[in-house]
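Step one of this worksheet: look at the structure below.
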Amino acid sequence: MSAQSNSLNLDSWRALPAAQQPDWPDRAELQKVVTELGGLPPLVFAGECDQLKDQLAAVVRGEAFVLQGGDCAETFAGATADNVRNKLKTLLQMAIVLTYAGKVPVVKIGRLAGQFAKPRSKNTETRAGIELPAYRGDMVNGFDFTPEARVPDPWRLLKAYHSSAVTLNLARAFTKGGYADLRQVHAWNQDFVAESPAGRRYEQLAREIDQALAFMRACGADPEEFHSVEYYSSHEALILDYDQALTRVDSRTGLPYDVSAHMVWIGERTRQLDGAHVEFFSRIRNPIGVKLGPTTTPDEALALIDKLNPDNVPGRLTFITRMGSSKIREFLPTLVKEVTASGAQIAWICDPMHGNTFETPSGHKTRRLDDVLDEVAGFFEVHRSLGTHPGGIHIEFTGDDVTECVGGGHEIVEGDLATRYETACDPRLNRGQSLDLAFRVAELYRG
């Protein structure tokens with residue numbers, strides 16, 4: 001235990017039950033990796049985390065909307081310029097739709113540069129009578145179904161750090177180096193506009209934006225905000241040894257920040273009040289999120305607020321609801337009503353992905369875009385009925401033309417799933433489906 005960890009009590013989580021942690025075969029090797037990670041530079045800076053917290057405070061006040069999205073589970077092989085650019089392109093296009101059609105400022109947060117670990121419902125996986133440890137993400141073990149690949153390897157934590165650094169470097173270059181310039185709205189679309197209904201609809205919107213920009217230039221206005229975007233990273237901080245090793249004390253304030261990402265969240269499977277994850281998150285000062293499923297009681301939500309945001313700082317704590325389209329209208333109202341009545345300053349975001357997964361007869365995990373859209377619609381209905389702010393969406397998507405979710409304007413049916421089913425874990429929306437969703441959300445927001 002370092003003197004720093006001791007003085008700030010950052011190790012307090014180690015005395016509590018920690019769900020979903022790998023069964024590392026060699027703790028001494030893990031300690032070597034953790035020590036090395038502890039000496040590496042931060043991936044993000046505390047000041048950037050505070051900037052995001054301020055933007056999320058605007059969401060709490062009802063003045064902005066969060067678009068949070070990216071891969072279900074990143075892979076080391078996916079940290080390429082093309083992959084990162086395609087994800088950013090999709091996120092930027094969705095943000096443009098929401099900003100222009102929804103007429104709302106959009107806080108852009110990627111599930112990116114750290115989303116290398118996944119919670120699993122079972123510790124093992126069985127195929128053809130062979131039982132092996134479950135794949136827990138590239139940060140822990142390999143995807144291949146072999147005894148060698150599935151052994152948890154702590155040196156993968158180090159590889160996750162370096163892969164995150166590469167991804168963040170690319171993201172910063174794209175968002176600050178001209179690629180995110182608003183005048184690029186057509187260039188982001190050239191490759192799929194002709195064959196995609198969502199692409200054609202987006203292109204029409206892009207032409208309107210061009211006309212608006214031309215008018216502003218003619219008036220002598222060319223704001224700096226048109227040429228780059230603020231873009232933030234986030235991941236589920238699942239492997240606590242990794243996230244603690246990347247926690248640093250900010251020289252400005254003397255407070256600890258998990259500098260592996262701007263925002264980190266606790267999953268539905270690890271939000272136990274007496275568990276290690278909630279304890280660790282209570283010690284760091286990043287903006288944080290908690291996933292809440294349909295079994296969450298108002299008392300549990302209020303206890304999480306007391307533990308994680310005792311000073312009631314706006315922008316510090318976000319609740320990301322994942323109810324499922326069949327349950328959101330039933331279970332969300334009481335939760336929102338009682339949390340709001342308590343005076344808690346909370347941003348509410350809808351994750352319409354995780355409650356809507358099912359398995360086809362072919363064995364593919366998938367989601368229906370109609371279910372995703374319906375859960376988002378239910379989220380807006382509940383908040384509108386209560387007079388609270390529907391603060392954002394949290395989705396799993398890719399910039400590629402995968403066939404992992406069914407439905408969409410360019411419809412994918414169950415028989416198409418095997419065509420390009422490439423996810424390392426859960427099914428993701430492809431680019432056309434993501435834009436379909438963005439247009440629907442914009443309509444709901446203006447609604």
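How big is the Kirkwood radius of region 38-117, worked out from every pair of different alpha carbons and given in Å to one decimal?
Working: mean 1/r = 0.0700 Å⁻¹.
Taking the inverse mean of 1/r over all distinct Cα pairs, region 38-117 comes out at 14.3 Å.
Quick check: at a probe of 1.4 Å, how many percent of the accessible area of the chain sits on carbon and sulfur atoms? Of all accessible area on the chain, carbon and sulfur atoms account for 50 percent.
Considering only 228, 164, 385, the Gaussian network model of the chain with Cα springs below 10 Å gives its largest mean-square fluctuation to 385. Once the Cβ-Cβ distance between residue 217 and residue 103 is put in as r, and R0 is 30 Å, what FRET efficiency do you end up with, to the nearest 0.05? Efficiency, from the Cβ-Cβ distance: 0.90. Here the average projected area of the convex hull drawn through the C-alpha atoms of the chain stands at 21.3 nm². In region 37-149, the DSSP beta bridges split such that about 40 percent are antiparallel, to the nearest 5. Note: relative contact order over region 131-252, using C-alpha pairs below 8 Å and six or more positions apart, is 21 percent. Using the Karplus relation 6.51 cos²θ - 1.76 cosθ + 1.60 with θ = phi - 60°, the per-residue 3J(HN,Hα) values for region 270-282 come to 10, 9, 4, 4, 9, x, 5, 5, 4, 5, 4, 5, 5 Hz, with x marking Gly and Pro. Taking all protein chains as they are arranged and a probe of 1.4 Å, the heavy atoms of residue 98 leave approximately 0 Å² accessible to solvent.
By the scheme Lys and Arg +1, Asp and Glu -1, what is the net charge of all other residues having a beta-carbon under 12 Å from that of residue 416?
Net charge around residue 416: -3.
Here, region 271-353 is characterised by an Rg to Rh ratio of 0.94, where Rg is the alpha-carbon radius of gyration and Rh the Kirkwood radius. Between amide H atoms placed 1.01 Å from N, distances below 5 Å from residue 288 occur with 317, 318, all of them 5 or more places distant or on a separate chain.
Determine the gain in length on full extension of the stretch residue 255-residue 166; use 0.36 nm per residue of separation and subtract their C-alpha separation, reporting nm with one decimal.
On the way: separation 89, 0.36 × 89 = 32.04 nm, distance 2.66 nm.
Gain on stretching residue 255 to residue 166: 29.4 nm.
Give 89/122; 108/365; 108/159; 122/291; 122/307; 32/307 a once-over and call out the pairs whose C-alpha atoms are over 23 Å from each other.
Details: 89/122 35 Å; 108/365 27 Å; 108/159 26 Å; 122/291 19 Å; 122/307 29 Å; 32/307 32 Å.
Distance filter (> 23 Å) returns 89/122; 108/365; 108/159; 122/307; 32/307.
Full extension of the chain segment joining residue 11 with residue 370 gains 124.8 nm, where the gain is 0.36 nm per residue of separation less the Cα-Cα distance. Our summary gives the chain a relative contact order of 22 percent, counting only alpha carbon pairs under 8 angstrom and 6 or more residues apart.
Counting only other residues whose beta carbon sits under 14 Å from that of residue 146, what net charge do I get with K and R as +1, D and E as -1? Don't skip to the answer; put the middle values down first.
On the way: positive: 127, 150; negative: 125, 131, 144, 148, 153.
Result for the neighbourhood of residue 146: -3.
Just order 429-438, 288-297 by mean Cβ neighbour count inside 10 Å, highest at the front, would you? Intermediate results must be reported in sequence, preceding the final value.
On the way: 429-438: 26.3, 288-297: 20.3.
Ranking, from highest mean packing down: 429-438, 288-297.
For region 321-416, the extents of the C-alpha atoms along the principal axes are 48, 26, 18 Å, listed from largest to smallest. Listed peptides 400-413, 252-265 appear in the order 252-265, 400-413 once ranked by packing, highest mean of other Cβ atoms within 10 Å at the front. Comparing 171, 9, 437 along the charge dipole axis of the chain, the residue lying farthest to the positive side is 9, per the Cβ-charge model. Taking every DSSP bridge with both residues inside the chain, close to 25 percent are antiparallel.
The values are calculated or read from the model by the stated rules, or taken from the named source; none is laboratory data. Note that the coordinates shown come from a computational prediction; the quantities given were computed from them, not determined experimentally. Neighbour counts are summed over all protein chains in view; Cβ atoms, including those assigned to glycine, are modelled from backbone coordinates with ideal geometry. These area figures cover heavy atoms from the full protein model, side chains too; ligands, DNA and RNA do not enter into them. Shrake-Rupley method; radii C 1.70, N 1.55, O 1.52, S 1.80 Å.
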